[in-house]
Amino acid sequence: MPQKAQNRLSAAVGPSLLVIVEAFGIAILFLSSTITQVILQAILFLVSMAVIWYAAHPLSHFAVAKIYGVRTLFFFIGSSDIGKNGPSIAKKISPYLITVGTKLDRSRFLTISKTRRGWILGSGALVGVIVLALIESFAILDFEFNTVSLVLGGIFFLLTVGTELVLSTKSGDLSKMKKELSKAK
């Protein structure tokens, strides 16, 4: 999560807006299944995947923290720190990647088990990948999506998995999760 918050959203407004964004993404997903024009369906399908994935990430941090009794103080919109320890291209583009982050109650966060802290920190990356897998599975099983949509959706899914494995394990959510879980042993 970025160090400097550019814009803050209250802990009440943030999840509400993210749920609305999720609903919008799901609506685009279902709309895209009704489109017969190949390129338009593929574009709408990819947009729906990106929107749902993007909003699921901070929502999962919020939800898992709430389950474990850690309060979210606020949400913020800022630039990504994914390039912090990644390849040079990631360092160059990360300031331009806008992310929605969660600011957790640190004093409460530090009182829960390291395992629970790990799950809170890793939930964004894990849920994001799971959500994309579910969307791609839905599209395959729906039989209303054309081959171009399915292939592009599959590429988006694989690129996301690759990005999580290459970048997130070095400086992102999975790195933070791994660090907490290794302390739990």
Next item on the list: Please find, within the range 141-150, the residue that is nearest to LEU44 (Cα to Cα) out of those that are modelled with pLDDT of 95 or more and either of a type in the set (Phe, Trp, Tyr) or loosely packed, with under 12 Cβ neighbours inside 10 Å (or both).
Entry: PHE145
Next item on the list: Being without any contact (Cβ under 8 Å) to a residue 60 or more places away in the chain and basic (Lys, Arg) is the filter here, so list the residues in the range 132-178 that pass it.
Entry: LYS176
Notebook entry, point to check: Out of (1) in a helix (DSSP H, G or I); (2) closer than 18 Å to ALA50 by Cβ; (3) over 14 Å from the mean Cα position of the chain (by Cα), what's the single condition that is false for LEU159?
Noted result: (3)
Note to self: So for the range 37-54 (the condition being more than 22 Å from SER79 (Cα to Cα), out of contact with any strand residue (DSSP E or B) (no Cβ under 9 Å at 6 or more places or on another chain) and in a loop (DSSP other than H, G, I, E, B)), does at least one residue qualify?
What the structure shows: yes
Item checked: Residue, farthest from VAL127 (Cα to Cα), within the range 162-177, restricted to residues that are surrounded by 16 or more Cβ atoms within 10 Å (Cβ to Cβ) and not hydroxyl-bearing (Ser, Thr, Tyr) -> LYS170
Item checked: Residue count, the range 34-53 (criterion: buried (at least 18 other Cβ atoms within 10 Å of the Cβ) and of a type in the set (Ser, Thr, Tyr)) -> 1
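The values are calculated or read from the model by the stated rules, or taken from the named source; none is laboratory data. Since the structure is predicted, the reported quantities are computational estimates derived from the model, not experimental observations. Neighbour counts run over all protein chains shown; Cβ positions are idealised from the backbone, glycine included.
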